[in-house]
1. Can you name every residue in the range 38-52 that is touching a Gly at 6+ places or on another chain (Cβ under 8 Å) and in a strand (DSSP E or B)?
2. For the structure I just gave you, tell me whether GLY31 is in contact with a strand residue (DSSP E or B) (Cβ under 6 Å, 6 or more places away or on another chain), at pLDDT below 90 and either small (Gly, Ala, Ser) or surrounded by fewer than 12 Cβ atoms within 10 Å (Cβ to Cβ) (or both).
3. Before we move on, is LYS72 basic (Lys, Arg), assigned to a loop (DSSP other than H, G, I, E, B) and more than 22 Å from LYS3 (Cα to Cα)?
4. Condition test on TYR40, is it among the hydroxyl-bearing types (Ser, Thr, Tyr) and more than 22 Å from SER7 (Cα to Cα)?
Amino acid sequence: MNKQTLSHYYQSGNLHVSKGTIIRYPFEYRGEIWRNVMVYDCALEGQGMGLVVITGYYAGTPTVYLPEESGKRSISTNWLVNNFTKWVEDAPLEQVFIIEKIMETEDPFS
């Protein structure tokens, strides 16, 4: 698993967070201590990308449709660093992680 804090991810030269990327941040609700959301293309006119919950009680629920200024086909990392607490969750940025790749995928039938 390739996991970095959002700030480190940005400082490493990554300019965008693309669809399929997982963002993990502290979130306490019904026994949960972390929330994992996945970036997806919500395809709404005048909107940017969206975030959908992929774990816990609200799995499968979109949490936010980001504004078009965040990016149309990916989220600007600079925008996300500066707007995470306003648009996503009031969490310390040093506890917000970007997870690009969880595991290698292989054909189970080969």
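The values are calculated or read from the model by the stated rules, or taken from the named source; none is laboratory data. Not measured: the values here are computed from a predicted model. For neighbour counting, all protein chains shown are included, and Cβ atoms are generated from backbone atoms with ideal geometry for every residue, glycine included.
1. Scanning the range 38-52 gives MET38, VAL39, TYR40, GLY48, MET49, VAL52.
2. On the way: in contact with a strand residue (DSSP E or B) (Cβ under 6 Å, 6 or more places away or on another chain): no; at pLDDT below 90: yes; either small (Gly, Ala, Ser) or surrounded by fewer than 12 Cβ atoms within 10 Å (Cβ to Cβ) (or both): yes.
Considered against the rule, which asks whether it is in contact with a strand residue (DSSP E or B) (Cβ under 6 Å, 6 or more places away or on another chain), at pLDDT below 90 and either small (Gly, Ala, Ser) or surrounded by fewer than 12 Cβ atoms within 10 Å (Cβ to Cβ) (or both), GLY31 comes out as no.
3. In short, yes.
4. Numbers: among the hydroxyl-bearing types (Ser, Thr, Tyr): yes; more than 22 Å from SER7 (Cα to Cα): no.
Spelling it out, it is not the case that TYR40 is among the hydroxyl-bearing types (Ser, Thr, Tyr) and more than 22 Å from SER7 (Cα to Cα).
Conditions (1) under 14 Å from GLU89 (Cβ atoms); (2) free of Cβ contacts under 8 Å to residues at least 40 places away in the same chain; (3) not aliphatic (A, V, I, L, M), marked per residue:
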| site | (1), (2), (3) |
| --- | --- |
| LYS19 | no, no, yes |
| PRO26 | yes, no, yes |
| TRP34 | yes, yes, yes |
| MET38 | no, yes, no |
| GLY50 | no, yes, yes |
